[in-house]
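So the structure is just underneath, and the comments pick up after that.
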Amino acid sequence: MLGIWQINRLKWKNNLINEVSTSIAMEPQALNPKNIGIDSQYLPVTFEGKFYENEIHVLFSLKPYGPGFKVIRPFKLKSGEIILVDLGFVSESKKNVLREIEDGKISGNIFFPNETDTFTPEPNIIKNIWFSRDLEKMSNYLNTKPILVILSSKVNDKSIVTTPLSPNFINNHLQYAITWFSMALAWLFMSIYLIIRLVSNHKKVNLKNVI
């Protein structure tokens, strides 16, 4: 049963990866905050405006750079609304470097993060260290709309490593299914062997009794 469940999970995960990959690869459309909702997850968008200088730094680790932070900045659209933009990754040593990000046309993907649970610590506001991308808290803190865009176009600051959205889902369900089916098969052979031994011993006992 567990092997069959893993096969079903494998199909579900593959469908999810295909869906996300298709969404990310779509032709970007002009961002209209009024049309953005939870069903806009992964939607490619473009927009113009200007970055504000204040930042939120979220703990993050990126291979091969190691530990560092995701840089989140408010961005004022030409229409006047302010949203959040995930610029990418900076190393620990670049955390408090003054960054002058050029304004212009931005490309990225809508993302509603699901990274916060009851065990996530509250952000350290004094040191500007956040432990997850909590969209509600970040937008309230920076006074923006609860809309986050993961940047896909590069910025002019070399300290930032752009981290475009990608369907990096862990998909080990095939290996799990093989493991469970192998265990079930091994258990079946062991059971058959045990039954054969019991039958054989029973016959020997009966034969002795006859003799």
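The values are calculated or read from the model by the stated rules, or taken from the named source; none is laboratory data. Because the structure is predicted, anything quoted here is derived from the model rather than measured. Reconstructed Cβ throughout: ideal geometry from the backbone, glycine too, with neighbour counts over all protein chains shown.
Table: residues versus (1) acidic (D, E); (2) modelled with pLDDT of 90 or more.
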site: P44; (1), (2): no, yes
site: G49; (1), (2): no, yes
site: E55; (1), (2): yes, yes
site: K63; (1), (2): no, no
site: K70; (1), (2): no, yes
site: E81; (1), (2): yes, yes
site: L87; (1), (2): no, yes
Residues in region 43-71 that are under 17 Å from I129 (Cα atoms), touching a Leu at 6+ places or on another chain (Cβ under 7 Å) and of a type outside the set (A, V, I, L, M, F, W, C) total 2
Of the numbered conditions (1) surrounded by 15 or more Cβ atoms within 10 Å (Cβ to Cβ); (2) closer than 22 Å to K76 by Cα; (3) at pLDDT 95 or above, N143 fails exactly one; give the number of that condition.
(1)
Every pair of residues 6+ apart whose Cβ atoms lie under 6 Å, when the first sits in region 89-103 and is surrounded by 13 or more Cβ atoms within 10 Å (Cβ to Cβ) while the second is polar (S, T, N, Q)
F89/T163; V90/S159; K94/S159
